[in-house]
Each structure stands twice: as structure tokens, then as C-alpha cells.
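The values are calculated or read from the model by the stated rules, or taken from the named source; none is laboratory data. Just so you know, these numbers come straight off a predicted model, no measurement behind them. Neighbour counts are summed over all protein chains in view; Cβ atoms, including those assigned to glycine, are modelled from backbone coordinates with ideal geometry.
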Amino acid sequence: MTRLFFALDINNSQKSVIAKLSAELTSTDLATKFKPVVSNNYHITLCFLGEVSDKQQSILSTKADELSRQLSAIKPQQLLFNHLGLFKKPKTLYLGTNQNPDWLFHLATELSTCAKLLGLHQENRPYLPHLSLFRKASFLPELPNKPDINITIHSFSLYQSTSSNDGVNYCAIKTWKLA
């Protein structure tokens with residue numbers, strides 16, 4: 001069994017812009033107890049899968065192949081991330097967007113539906129595109145300036161999550177282009 005999730009990919013130059021925002025937040029007295037997400041791990045989750053067998057992974061990969069073909073006509077898309085949000089129960093501070101275009105909603109919903117059919121637990125809430133910045137966040141800090149970060153989406157990937165003494169690491173094991 002392997003711990004997996006699907007996510008939209010973020011390129012390194014965009015990750016460095018996000019890391020600057022994270023550093024700005026880290027420098028505030030209020031956010032010093034938050035645990036920052038390492039910039040190499042930045043992604044926009046489509047569907048968390050949890051522990052997945054080889055057979056389930058193969059079926060999910062085939063579904064992603066199909067979705068990639070369906071979405072091949074879309075050009076690289078930009079999403080504007082313009083606010084901070086807080087998931088209270090998992091204590092996650094995130095960078096959010098008010099956009100959820102049809103292609104993105106379709107991709108996330110179809111992957112989640114496939115996961116449910118394979119017996120993988122899926123949360124029963126609407127898809128909310130977001131990018132996690134901090135763990136162990138207990139409140140929503142104020143920013144002097146509203147974030148305004150455009151992220152261009154070219155691909156999505158199936159990621160493996162592995163834990164080590166240095167923390168968690170996310171590694172793309174298969175990537176699908178969107179255009």
C-alpha cells in the first residue's frame with residue numbers, strides 16, 4: 001500500500017513567489033508557532049487518496065489518462081490565488097482562490113468519484129482549490145497586503161507521500177499534461 005494523492009503541479013518560479021509570501025507570514029510574531037510547508041511540497045490538491053493498493057493505483061492512473069485526453073484541448077490555465085483561509089480541524093492555513101473553472105471542477109470530481117468506486121474514503125464536501133502554506137495553524141493572520149498570485153497550470157500528477165525524520169516529502173510518480 002502506498003499513500004497517494006492527485007494534485008495540480010506548480011512550477012519552481014511560482015513556488016518561489018509562494019515561498020516569499022510564506023516567509024512574510026513566518027516573520028510575523030503571530031505565525032511563529034505555525035509549521036511551514038516546504039516549498040518543494042507546494043501543490044494544489046485535486047483528490048486525496050490515502051493508502052492505495054497497486055491494483056487501485058493502476059485503475060486510478062487509467063482514469064487520469066482518460067481525463068487528460070478529455071482536457072487536452074484546454075490551454076494552460078491561470079488561477080488567481082488572492083486570499084488566506086484556515087481549515088480549523090486539520091489546522092491548515094492555505095492560500096485560496098475564488099475560481100473553480102469547469103475543467104478543474106470536472107477533473108477533481110471525476111478523480112474523487114473513481115476513488116469512491118474503488119472504496120477509498122473521500123470527504124463529502126465541494127471541491128475547494130487551495131494551496132497549503134502552514135500546518136498547526138490555530139488562527140488566520142492578517143496580512144498588510146492582500147496576496148495576488150497567478151499560478152499557471154500546465155499539468156497534474158499522481159503524488160506519493162512519504163514520511164521521514166526530516167518530515168513529509170511529496171514525489172510525483174506520474175504526470176499528465178493538460179495542453
Filter region 28-69 down to residues that are in contact with a helix residue (DSSP H, G or I) (Cβ under 8 Å, 6 or more places away or on another chain) and of a type in the set (Val, Ile, Thr) and give me whichever is modelled with the lowest pLDDT.
-> THR32
Mind checking whether some residue in region 140-153 is within 13 Å of the chain's Cα centre (by Cα) and buried (at least 19 other Cβ atoms within 10 Å of the Cβ)?
-> yes
Of all residues in region 84-125, how many are among the hydroxyl-bearing types (Ser, Thr, Tyr) and free of Cβ contacts under 8 Å to residues at least 12 places away in the same chain?
-> 1
Identify, please: which residue in region 148-172 is without any contact (Cβ under 8 Å) to a residue 24 or more places away in the chain and not polar (S, T, N, Q) and is, among those, farthest from ASN11 (Cα to Cα)?
-> ASP166
When residues of region 114-128 are limited to those that are charged (D, E, K, R) and not in a helix (DSSP H, G or I), the one surrounded by the fewest Cβ atoms within 10 Å (Cβ to Cβ) | ARG125
Given the conditions (1) surrounded by fewer than 16 Cβ atoms within 10 Å (Cβ to Cβ); (2) in a strand (DSSP E or B); (3) touching a Phe, Trp or Tyr at 6+ places or on another chain (Cβ under 6 Å), and given that LEU80 satisfies all but one, which numbered condition is not satisfied?
-> (3)
Give the number of residues within region 1-20 that are touching a residue at least 40 places away in the same chain (Cβ under 8 Å), in a helix (DSSP H, G or I) and among the hydrophobic types (A, V, I, L, M, F, W, C).
-> 2
Could you list all residues from region 48-77 that are assigned to a loop (DSSP other than H, G, I, E, B) and surrounded by 18 or more Cβ atoms within 10 Å (Cβ to Cβ)?
-> LEU71
Within the group LEU111, LEU131, LEU107, which residue is touching a His at 6+ places or on another chain (Cβ under 9 Å) and either outside any strand (DSSP E or B) or crowded, with 16+ Cβ neighbours inside 10 Å (or both)?
-> LEU131
